[in-house]
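Read the figures in this text as sums done on the coordinates, not as results from a lab. What you see is a predicted model; the values in this text were computed from it and never measured. As a convention, Cβ positions derive from the backbone with ideal geometry for all residues, glycine included, and neighbour counts pool all protein chains shown.
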Amino acid sequence: MPQLHENDRMSEGDALFLYLERQGMPLNIASVALFDGTISLAECMEFVSSKLPLIPRYFQRVVIPPLNFSLPAWEYDPEFDIRNHVREVMLKRGTDADLKAAAARILSVMMDRRHPLWDITLMQGLKGNRTASVVRIHHCLADGIAGVGLMNVLMDPEPIAHAPAKKIPHFHRPPPRDAEASAVEGLVNSFSSIVQRLLAMQKEVLDFAQRSNAGGSEGASSDINRLLPEIPAPAERLPFNIVCRGPQKIAWGEIPMAQLKAVREATGTTVNDVVITVLTAALRRYAELQGAKLKGRLLRIAVPVNTRGNGNPGDLGNRISFLSVSVPLGVRNPRKLLAAVHDRIQSLKTGHAAEFVSMGGALLGIIPPALQALAGPLVSQLPISLCNTICTNVPGPQVPLYLLGRKILRWYPYVPIGGEMGLNCAMLSYNDTAYFGFTGDAPAAPHLHRLEKFLSLSFAELQKAAGIRLRRQGRERPKPSLVSAAKPAAKEKEKEQEKEVVLPASA
């Protein structure tokens with residue numbers, strides 16, 4: 001049985017999500033799942049209670065030290081009550097539009113920091129004998145990859161009907177630490193952490209330089225030299241790039257994974273390339289709907305990259321960096337746009353751009369927590385846009401999952417918005433379908449629902465441009481690859497690298 005550890009210190013990266021959060025900009029990862037059948041609040045509450053000892057962090061709340069002199073700590077909630085975390089809402093009309101509106105209201109509100117930062121809300125009354133769940137986890141607790149891993153703890157790969165638990169498993173809770181001793185320990189740990197960060201930063205710079213120049217890779221060096229001025233530069237604003245104030249809206253879309261992979265195979269690119277191309281085309285349509293002139297403009301997309309390596313995907317905390325992908329918005333030919341996206345991402349990977357961004361994050365960790373806590377809410381309101389939007393791709397289970405014997409029919413991800421990024425997108429692959437979740441700040445993206453149609457139109461255009469035609473027998477006929485067939489090894493390497501580009505979650 002996992003043990004709880006009192007006064008576990010939060011990492012610098014995880015704490016940053018606490019510091020940046022403010023009213024109108026909650027920083028949670030989440031998902032909305034639709035189940036076949038009815039799930040009662042009582043049975044869900046009892047079932048979740050029986051699983052919590054497997055994830056003891058969910059019993060712990062965030063404790064902020066006096067004056068933020070050290071990093072926040074995880075501490076057992078002495079008033080833990082499952083009723084604070086598992087709730088239900090009755091929908092008035094029971095439509096999918098009703099569900100989206102109710103879920104958006106929940107996602108627009110910050111969680112109560114007096115208790116562990118997670119909750120599950122059952123949405124009752126859906127038409128078609130369905131139940132939905134909105135699962136929220138604060139970003140300081142997990143990213144998208146960890147969020148999916150934790151959902152797997154609650155879900156079953158088979159439609160198992162669980163009997164009521166006769167006895168809820170217990171866990172060992174260590175006695176509370178002395179407040180004065182905890183404060184001294186926090187101060188010492190804070191100083192030690194800064195020293196370790198400085199040493200780690202030095203090592204990362206040396207390792208980065210060695211990797212960039214490994215094997216006399218002049219191409220890698222030229223790529224990073226070309227990208228260095230761009231990475232920290234502000235992005236040119238689009239209509240949805242205004243400071244987020246809330247409330248939030250959500251929209252959904254879906255594409256069969258078989259169709260995404262068919263485009264990938266027909267063009268010699270990657271699934272990530274295809275997703276970013278389709279998103280770019282959809283956002284181009286949306287920006288034009290808002291009156292933007294896009295000739296010669298770039299869309300800069302922040303793409304999270306998993307840095308866990310071969311680690312456990314269920315590990316809590318954030319293990320991500322970012323690629324900043326700038327793609328032309330004025331290119332309307334889908335094949336040319338896909339080629340531009342593919343070349344851009346390959347240059348970023350060759351130039352180790354994600355590692356460069358990670359070094360910047362490590363540098364932020366050197367700033368004392370008190371200054372981060374003070375500046376965080378202010379920084380999130382500055383009129384600066386390093387990127388126009390986020391696109392996160394989370395690989396989920398490719399088999400059906402069940403909660404209390406009820407199958408997940410659809411599973412839409414949610415990624416938070418913030419700063420001047422008033423419109424973001426997450427993709428979660430589940431059971432051979434790619435589910436897209438769009439998040440928008442209501443003033444910044446007033447017609448967010450239009451993206452659902454724009455996503456379908458943009459993917460249909462790309463399918464046609466890739467030469468994919470459905471014959472009467474149901475077979476597909478691809479056109480020649482966008483990428484030269486003379487580089488099979490490079491293509492295989494790209495497919496391996498594509499597994500590293502993720503979400504959260506979101507996360």
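For residue 434, the residues whose modelled amide H falls within less than 5 Å of its own, excluding neighbours fewer than 5 places apart on the same chain, are 255, 257. Let a ≥ b ≥ c be the square roots of the eigenvalues of the Cα gyration tensor of segment 73-132; is it rounded (a/c under 1.5), or, if not, prolate (a/b larger than b/c) or oblate? Cα axes put segment 73-132 in the prolate bin. Peptides 411-422, 257-268 ranked from most to least packed by the mean count of surrounding Cβ atoms within 10 Å: 411-422, 257-268. The calculated P(r) of segment 1-72, using every Cα pair and 10 Å bins from 0, goes 14, 33, 33, 18, 2 in percent. Sorting 449, 139 from the fewest to the most surrounding beta carbons within 10 angstrom yields 449, 139. Counting 0.36 nm for each residue step from residue 158 to residue 469 and taking away their Cα separation leaves a gain of 108.4 nm.
On full extension, the segment bounded by residue 399 and residue 113 gains 99.5 nm, given 0.36 nm per residue less the C-alpha separation.
Once a ≥ b ≥ c are taken as the square roots of the eigenvalues of the Cα gyration tensor of segment 1-122, is the result rounded (a/c under 1.5), prolate (a/b larger than b/c) or oblate (a/b not larger than b/c)? Since a/c reaches 1.5 but b/c is at least a/b, the shape of segment 1-122 is classed as oblate. Here the spin labels are modelled as points 7 Å beyond Cα on the Cα-Cβ line, and at residue 40 and residue 432 they lie 3.5 nm apart. Close amide H contacts of residue 407 (hydrogens built in the peptide plane, cut-off under 5 Å, sequence separation of 5 or more or a different chain): 36.
Separation of segment 237-256 and segment 1-78, taken as the distance between their Cα centroids, equals 25 angstrom. Each of residue 409 and residue 285 was given a label point 7 Å from its Cα along the Cα-to-Cβ line. The distance between the two points is 2.5 nm.
A cut-off under 9 angstrom between Cβ atoms defines the neighbours of residue 244, and their net charge, with Lys, Arg +1 and Asp, Glu -1, is -1. Highest average first, the peptides 236-246, 425-435, 91-101, 279-289 ordered by how many other beta carbon atoms sit within 10 Å of their residues are 425-435, 279-289, 236-246, 91-101.
Relative to the current alpha-carbon distance between residue 95 and residue 8, full extension at 0.36 nm per residue lengthens the span by 27.0 nm. The ranking of 74, 252 by Cβ neighbour count inside 10 Å, starting from the fewest, reads 252, 74.
Ordered by the number of other Cβ atoms lying within 10 Å of each residue's own Cβ, fewest first, 270, 277 fall into the sequence 270, 277.
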